[in-house]
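Below: one structure, written as structure tokens.
The values are calculated or read from the model by the stated rules, or taken from the named source; none is laboratory data. Everything quoted here is computed from the prediction, not taken from an experiment. Methodologically, a virtual Cβ is constructed for each residue, glycine included, from the backbone with ideal geometry; neighbour enumeration extends over all protein chains shown. Heads up: the accessible areas ignore ligands, DNA and RNA and are worked out on the full protein's heavy atoms, side chains in. Shrake-Rupley method; radii C 1.70, N 1.55, O 1.52, S 1.80 Å.
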Amino acid sequence: MVIIVIVIGALVMNYALVKIYGHLWGKNLDAQVEFQKEPSLEGRDAMLTETIYNRKWLFLPVLQVGFQMHRNLWFADGENTSVSDQCYKRDIFSVGGYQKITRTIPFHCSKRGYYELSQVELVTRSPLMNKKFYKTLESPDHFYVYPRMVDDTKLEIPFQKIMGSVLSHKNLYEDPFEFRGIREYQPTDPMHKINWKVSARTDQWMVNLYDSTSAQEVMILLDVEDETIWKFDEIHEEGIRLAAALASRLLQQGVPVGIHTNGRDLKNDECFSLNGGTGPQQVRSLYEGLTRLDLTKKAEHMEVILDRLREEKENGNRTYVMISKNQRESCYEGFDSLLQDGGTGAWIATLYDDMEWKLPENRKVTMIRWEVAK
């Protein structure tokens, strides 16, 4: 009889403990997983922070914190980690009353992309370890892994050729607000350049000199379309890296840069484009847009984008840089037509070493072959 009473008492006590613990364990308990604030580059490591807040007196002897993120982000040590369609991370803590635990975890960024975290799952056990309790918390965060840089030595040739086009074209335009000096009048000078005050003082005709306009911009055209059922993701990834590297170098030189691509933004399914501009925000916007390009989505035909650009009025004051593996005639003709209003252009063909060069010669277009490693 005594044994029966003890057993019943133990069961009642366990039931009460389970009920009380189940009611209290999740109260004033919070957990967050956050990426580092600054973006990383593909191929490099980054950090995330795991934080647990227990704002009550109850001691939690076993608390499992779990979350998942994209498999392109993986933990180097592999501890408490499983990888399938996603990378799953589960850590176990012992959390005291009114305690905050912070843990920093390094991870590797294996591929360019825009990655999100959404939830944190908490799992604990009753004091006698015979029942599990679950809680899911919202912990939204996102992280950019920018395309890695291309080889600076390899980039130097296309960069210098594009800068040459920008500078030579820039000299065709003068900015009336950029005064440079005065010289003697020549018969070919227009009357509106005469400086009347200086001419009266020196008793000979003198004209103003102006610097060329600084508004000459480079518009990058990035083509990530596959013409057939065969996929060339590595070529397109190299094109994205090349676009990012060229834009970065040009912006460092103070050249306004914009971009149009037929690749789709994974957030809104629209083709990514960015008007010409300069400054740190332009660099960030360009990198973030390129990072969000989703190569699994069907790209728009490049000819459609070229038709749109021909309707703009700034064409004569731009240098266009096409980055594409595709060499079809209709796309080349569309690019050539874009330069009819006085713009200059360069075509960088991103090709494997065994791919044929098909582009015709054109005095208005600088042709560059960019070898992509398989």
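When a 1.4 Å probe is rolled over the protein heavy atoms, the share of accessible surface on region 97-167 that falls to carbon and sulfur comes to 50 percent. For region 106-171, chymotrypsin sites (Phe, Trp or Tyr not before Pro) meeting the loop criterion (DSSP other than H, G, I, E, B) and having at most 11 other Cβ atoms within 10 Å: none. Taking every lysine pair in region 269-372 that is 8 or more places apart or spans two chains, those with Cα atoms closer than 28 Å amount to 8. Phe272 sits among other residues whose Cβ lies under 13 Å from its own Cβ, and their net charge, with Lys and Arg +1 and Asp and Glu -1, is -3. Multiplying the residue separation of Thr136 and Val2 by 0.36 nm and subtracting their alpha-carbon distance yields 43.9 nm.
Take the solvent-accessible surface of the protein heavy atoms, probe 1.4 Å, and return the percent of it on region 204-357 that carbon and sulfur atoms account for. Answer for region 204-357: carbon and sulfur cover 45 percent of the accessible area. Of the solvent-accessible surface of region 32-94, computed with a 1.4 Å probe over protein heavy atoms with every protein chain present, carbon and sulfur atoms account for 49 percent. Largest first, the residues Val304, Val166 sort by 1.4 Å accessible area into Val304, Val166. What percentage of all Cα-Cα pairs in the chain are separated by more than 38 Å? Tail of P(r) above 38 Å: 44 percent of Cα pairs. Within the same chain, lysines fewer than 8 places from Lys135 are excluded, and of the rest, those with a Cα less than 30 Å from its Cα are Lys19, Lys27, Lys37, Lys56, Lys89, Lys100, Lys267.
Solvent exposure of the chain, expressed per residue, is 54 Å² of accessible area, with all protein chains present and a 1.4 angstrom probe. If R0 equals 35 Å, the separation of the Cβ atoms of Glu38 and Tyr88 corresponds to a calculated FRET efficiency of about 0.85. Simple point charges give the picture: +1 on the Cβ of Lys and Arg, -1 on the Cβ of Asp and Glu, and for the chain a dipole about the Cα centre of about 1900 debye. Cβ-Cβ distance of Arg369 and Glu270, R₀ of 35 Å, FRET efficiency by 1/(1 + (r/R0)^6): the value works out to about 0.70.
Over the residues of the chain, the helix contribution to mean residue ellipticity at 222 nm works out to -8500 deg cm²/dmol, using -39500 (n - 2.57) for each DSSP H run of at least 4. Of the residues His23, His236, the one with the largest accessible area comes first in the ranking His23, His236, computed with a 1.4 Å probe on protein heavy atoms. Measuring r between the beta carbons of Val304 and Ser118 and using R0 = 45 Å, the FRET efficiency lands at 0.80. Figure the gain on full extension for Gln252 and Lys19 (residue separation times 0.36 nm, minus the Cα-Cα span) and round it to one decimal in nm. Separation in residues times 0.36 nm, less the Cα-Cα distance, equals 77.5 nm. Only protein heavy atoms count here; under a 1.4 Å probe, Glu234 has an accessible surface of about 70 Å².
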